[in-house]
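Computed from the coordinates by the stated procedures, all read-outs in this text should not be read as laboratory data. All of these numbers come straight from a predicted model, not from anything done at the bench. Virtual Cβ from ideal backbone geometry, glycine too; neighbours counted across all protein chains shown.
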Amino acid sequence: MDHTADISIKFFGNTIKKLFTNSAISLSEIIFNKKPEKIKGDEKKIHLNFSADDITVLYIDFLREILFQNNQNYCYFYKFKIIEFSAEKLSIDCYFYPLNANNITQEIKAVTYHNIEIEKKNGIYSAVVTFDI
């Protein structure tokens, strides 16, 4: 879904946890325009912790950190292991391949709250997220 200086993307997951991890993997694929199987190198891991007042804030905070790591440290995230999860807390191991600035093909500046919507319909979770590009 296009907008003048923004792009909205709808992410899906069969659980709320999968919605989080699928969104982060998709974000890496969009920024670097690569699939994980096309990347070579040593995998690395970082551990992240988040807390928030509700699931929407938790989701946006998580995506903002993933975007920061994509843009500043050139981390291509391809796998996650959730250690702890609730509507207010996320503790997660994030596995990535280190890339470099030359690998970025789509610049995304920020994750916004504009029109954020997380819903469950027919057993599938989805979220529409608007990114500033």
**OP:** Consider just the alpha-carbon atoms of the range 6-114 and return their Rg together with their Dmax, both in angstrom.
**Re:** 13.2, 39
Original post:
Lysine pairs in the range 6-114 8 or more apart or on different chains: how many have alpha carbons under 14 angstrom apart?
Top reply: 11
Subject >> In the range 75-133, the trypsin sites (Lys or Arg not before Pro) that fall in loop regions by DSSP, at most 12 other Cβ within 10 Å >> reply: K109
**OP:** Mind putting a number on the dipole of the chain about its Cα centre? Charges go on the C-beta only, +1 for Lys and Arg and -1 for Asp and Glu, and I need it in Debye to the nearest 20.
**Re:** 540
Original post:
Rounded to the nearest 500 deg cm²/dmol, what is the calculated helix-only ellipticity per residue at 222 nm for the chain, with -39500 (n - 2.57) per DSSP H run of length n ≥ 4?
Top reply: -9000 deg cm²/dmol
**OP:** Have a look at S91, I133, G41 and report the one farthest towards the positive end of the charge dipole of the chain, computed about the Cα centre with Cβ charges (Lys/Arg +1, Asp/Glu -1).
**Re:** G41
Subject >> Sorted peptide list for 15-23, 97-105, criterion being average Cβ within 10 angstrom, highest first >> reply: 15-23, 97-105
Subject >> Per principal axis, descending, Cα span of the range 55-133 in whole Å >> reply: 40, 29, 22
